[in-house]
């Protein structure tokens with residue numbers, strides 16, 4: 001049966017068909033929908049783990065126990081799970097194990113561009129790279145079988161376009177894959193030095209076997225169109241190249257991104273007068289071919305930056321100038337990302353901006369607190385770094401600087417990797433103030449539950465982490481829960497907490513405005529008492545604007561959250577009941 005699926009859903013379909021039993025992940029765009037799609041299959045245990053490292057370890061444990069398992073993340077999530085990934089390369093698998101990583105060329109939703117193929121090479125594990133949804137299903141299914149055949153986890157490398165574009169997928173019934181026997185095997189599974197040094201020998205022997213497999217597998221295919229121009233490519237770059245060049249060139253499509261073949265590459269290049277390597281982000285294939293002594297045209301004709309396009313490829317290979325883009329009759333207004341109307345974080349950043357504090361930021365919706373007019377966030381590094389980086393800032397500049405410094409971190413991100421930073425503050429006698437932005441959900445990736453919501457990925461009730469008790473348990477004596485929309489109270493709390501000479505935590509608690517159970521009533525309107533002081537404009541609410549010098553509130557965008565009512569010093573904004 002054929003289905004129209006996005007790449008992520010097709011990966012889930014392939015894993016289901018392959019008999020996967022355990023899937024553990026942490027949400028991260030563009031990979032999130034893989035794990036969300038697994039929920040439809042009751043035969044599979046699925047979980048949101050606190051972070052990617054934990055998720056990977058759950059999948060490793062399931063594989064050791066004899067089950068086929070999978071873990072999914074975005075490219076920066078692979079950094080978090082790198083520690084177990086490098087070691088499971090030595091251990092190998094029992095049940096087949098697949099790691100899905102979605103890179104984000106163009107940084108649509110990420111803090112950096114990263115080419116995850118380097119991890120496959122560094123960890124000496126195999127990687128497949130599908131180009132469309134059909135291959136997502138087929139490659140994932142094959143990856144489980146190959147994982148068991150070669151005793152190694154297989155990585156599926158996706159990209160934003162592959163993950164989120166749709167194409168037809170031929171589906172098949174689920175395989176009935178029994179649990180493999182579990183046997184105590186200390187030399188294989190206990191990676192202490194005496195065991196690991198022997199397993200390294202196995203890893204190198206396996207690498208040779210995988211390289212030989214790369215020469216013969218149908219995953220790497222040649223399309224001979226009788227041209228003297230050749231293109232070596234993989235993944236979404238193949239789709240771009242085929243759209244741009246059609247049958248005017250020969251293709252070597254590397255479905256197996258690592259390890260790469262040698263003879264196949266040499267033979268392909270020998271049949272061509274000119275060979276282009278077309279790949280997004282780093283010159284991974286290009287450098288491999290040049291190391292083999294094969295002359296190719298790569299990044300000198302393309303770019304190391306962002307996503308490719310068919311027009312870019314047509315110009316580089318054929319010298320074809322792109323057609324002039326279609327122009328709108330009127331200028332199109334810029335639409336930068338903003339916090340939603342009613343966003344609970346807006347009150348927090350309004351107060352922090354007003355107090356002129358240095359704000360150590362983190363990864364989530366609240367990173368938008370760096371945008372005008374709030375312009376409050378000073379730094380954003382990676383998940384959890386707001387807490388630990390702030391301790392470093394305070395230790396570097398002293399107590400007085402610390403009284404003008406706060407960390408902001410979301411509830412899910414705090415669970416992911418903020419707890420250890422808070423412990424570091426307490427243990428090393430810091431006096432930092434940490435603001436946990438508790439919006440009751442994992443917001444930026446699309447409303448996934450987490451350990452603070454009291455629900456599993458399937459919506460089942462479970463134990464709920466109490467952030468207040470958790471902060472106190474690690475040694476923070478001053479913990480305050482406050483509504484950031486009560487701006488006067490919230491400002492008072494922040495002023496008091498930053499003055500302390502010991503650690504403090506403020507839990508800014510208000511649910512995301514987009515949650516189904518959050519029902520604001522009425523809408524906000526500007527009355528004739530408005531003095532045009534523009535204090536409400538400092539909120540950066542999309543519903544509030546200036547027209548001819550007067551403040552206007554768009555009734556189509558206002559959801560009646562009332563934050564502007566609390567901010568207006570003249571009581572000129574009122575809540576109006578809906579008609």
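The values are calculated or read from the model by the stated rules, or taken from the named source; none is laboratory data. Here the structure is a predicted model, which means the values were calculated and not measured. Ideal geometry is used to build each Cβ from the backbone, glycine not excepted, and the neighbour counts take in all protein chains shown.
Before moving on, here are some points about what is shown:
- Screening the range 368-385 for residues that are over 19 Å from the mean Cα position of the chain (by Cα) and touching a residue at least 40 places away in the same chain (Cβ under 8 Å) and picking the one that is nearest to residue 416 (Cα to Cα) gives 371.
- Residue ID - farthest from the chain's Cα centre (by Cα), chosen from residues in the range 1-56 that are more than 16 Å from residue 98 (Cα to Cα) and in a strand (DSSP E or B): 2
- Residue within the range 477-484 that is in contact with a strand residue (DSSP E or B) (Cβ under 8 Å, 6 or more places away or on another chain), within 18 Å of residue 369 (Cβ to Cβ) and assigned to a loop (DSSP other than H, G, I, E, B) present: yes
- Checked against the criterion of being under 30 Å from residue 227 (Cβ atoms) and surrounded by fewer than 16 Cβ atoms within 10 Å (Cβ to Cβ), the candidates 321, 330, 307 yield just one match: 321.
- Residues (more than 25 Å from residue 363 (Cβ to Cβ) and surrounded by fewer than 24 Cβ atoms within 10 Å (Cβ to Cβ)) located in the range 19-50: 19, 21, 22, 40, 41, 42, 43, 44, 45
- Answer from 256, 260 - the residue that is in contact with a strand residue (DSSP E or B) (Cβ under 9 Å, 6 or more places away or on another chain), closer than 13 Å to residue 289 by Cβ, buried (at least 22 other Cβ atoms within 10 Å of the Cβ) and in the same structural domain as residue 311 (by TED's automatic domain parsing): 260
- No other residue among 66, 61 is over 22 Å from the mean Cα position of the chain (by Cα) and part of a loop (DSSP other than H, G, I, E, B) apart from 66.
- Entirely in the range 147-227, the strands (runs of 3 or more DSSP E) that have 3 or more residues that are within 23 Å of residue 19 (Cα to Cα): 154-159, 166-170
- The residue list 302, 349, 268 contains one member that is surrounded by 15 or more Cβ atoms within 10 Å (Cβ to Cβ), under 27 Å from the mean Cα position of the chain (by Cα), assigned to a helix (DSSP H, G or I) and outside the structural domain of residue 207 (by TED's automatic domain parsing), which is 349.
- Any chance residue 363 is surrounded by 22 or more Cβ atoms within 10 Å (Cβ to Cβ), over 19 Å from residue 497 (Cβ atoms) and touching a strand residue (DSSP E or B) at 6+ places or on another chain (Cβ under 8 Å): yes
- Number of positions in the range 560-576 that are touching a strand residue (DSSP E or B) at 6+ places or on another chain (Cβ under 7 Å) and at pLDDT 90 or above: 7
- A single entry from 501, 528 fulfils the requirement of being touching a helix residue (DSSP H, G or I) at 6+ places or on another chain (Cβ under 8 Å) and more than 26 Å from residue 368 (Cβ to Cβ): 501.
- Residue in the range 97-118 that is surrounded by fewer than 24 Cβ atoms within 10 Å (Cβ to Cβ), at pLDDT 95 or above and over 14 Å from the mean Cα position of the chain (by Cα) present: yes
- Matching residues in the range 366-398 - criterion: being assigned to a loop (DSSP other than H, G, I, E, B) and touching a strand residue (DSSP E or B) at 6+ places or on another chain (Cβ under 6 Å): 376
- Options 539, 546; residue that is touching a helix residue (DSSP H, G or I) at 6+ places or on another chain (Cβ under 9 Å), closer than 30 Å to residue 445 by Cβ and in contact (Cβ under 8 Å) with a residue 12 or more places away in the chain: 539
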